[in-house]
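> Below you'll find the structure I mean.
Rule-based calculations on the coordinates, nothing more; no lab input. Keep in mind the model is a prediction, meaning the values are calculated, not measured. With ideal geometry, Cβ positions are generated from the backbone for all residues, glycine too; neighbour counts draw on all protein chains shown.
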Amino acid sequence: MLPGPARRLRPVVGRCRQGARRGRRERRRDLVAGVEVAKGAAVGTRRRAARSARGFTLLELIVTLMILMLLAALSVPVVGRSSDAIRSRAEVAGFSAVLRRARERAITSRQSHTVVIDPPNHKVTVLAGPDGEVRETRPLPERLTVEATPPPALSVRFEPEGTSSGADYKVRAGDVLYRVTVDPITGRVKNIKL
């Protein structure tokens with residue numbers, strides 16, 4: 001396909017070829033008219049290119065910035081809620097990690113380990129062996145509450161074979177409630193969001 005200016009020239013050139021029957025003056029006039037048409041088309045193309053290369057108006061920039069500010073204002077609450085959920089999940093994962101680590105230590109050291117949860121004082125204590133030697137004491141986050149089902153079962157014992165006494169805890173971190181279970185046969189710890 002020919003470019004725009006050449007397409008406009010084509011009928012004029014065609015007329016010039018037929019001009020053998022016409023006189024010299026008419027052919028010259030058609031040729032000059034064809035050149036004028038080509039110049040006008042080129043000037044129009046340059047004007048359009050210059051118009052599009054000018055840039056944005058102040059109004060367009062202000063509208064764009066307003067839209068971006070609106071999107072930023074709407075996304076801040078969403079990020080705040082998701083960071084709270086992430087923090088809650090991390091706190092529950094930390095509680096479960098203490099239980100898992102006690103199970104692993106019981107298996108590797110070939111000694112039973114007992115995890116004692118003290119909700120009023122916000123701490124977890126890991127005891128090793130039959131005499132109850134304290135291996136680790138960790139604080140619980142202030143916003144983390146632990147409830148055992150049934151209530152007196154705030155300790156779980158892990159045996160060297162990998163079994164456990166079993167436990168079922170409801171752990172609340174902020175507004176999120178989790179169920180942390182310790183399987184009595186395998187000793188595995190699982191988190192389930194309620």
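> Among Leu177, Thr145, Pro119, pick out the residue whose Cα is farthest towards the positive end of the charge dipole of the range 90-193, where Lys and Arg carry +1 and Asp and Glu carry -1 on C-beta, about the Cα centre.
Positive-end residue among those listed: Leu177.
> Given the Cα atoms of the range 66-138, and with Rh set as the inverse mean 1/r over their pairs in the Kirkwood sense, what is Rg to Rh to two decimals?
1.34
> Measure out, as a whole number of angstrom, how far apart the alpha-carbon centroids of the range 127-194 and the range 56-70 sit.
55 Å
> Hey, which aspartates and glutamates would be in cross-link range of Lys193, C-alpha to C-alpha under 18 Å, not counting anything within fewer than 8 residues on its own chain?
Cross-link targets: Asp84, Glu91, Glu147, Asp168, Asp175, Asp183.
> Can I ask one more? Using the Cα centre of the range 90-193 as the reference point, and only Cβ charges (+1 on K/R, -1 on D/E), how large is the resulting charge dipole? Debye, rounded to the nearest 20.
I would put it at about 280 debye.
> Now for a different question. Could you list the trypsin sites (Lys or Arg not before Pro) in the range 67-137 that lie in coil according to DSSP, counting only those with at most 14 other Cβ atoms within 10 Å of their Cβ?
The qualifying sites are Arg110.
> Then there is this: Run the numbers on the range 90-193 and let me know its relative contact order in percent, using alpha-carbon pairs under 8 Å that are six or more apart.
Over the range 90-193, the number comes to 25 percent.
> Please identify the GluC sites (Glu not before Pro) of the range 48-149 that satisfy two criteria: DSSP loop assignment and at most 13 other Cβ atoms within 10 Å. Which are they?
For GluC sites (Glu not before Pro) across the range 48-149 that sit outside H, G, I, E and B with at most 13 neighbouring Cβ atoms in 10 Å, the list reads Glu142.
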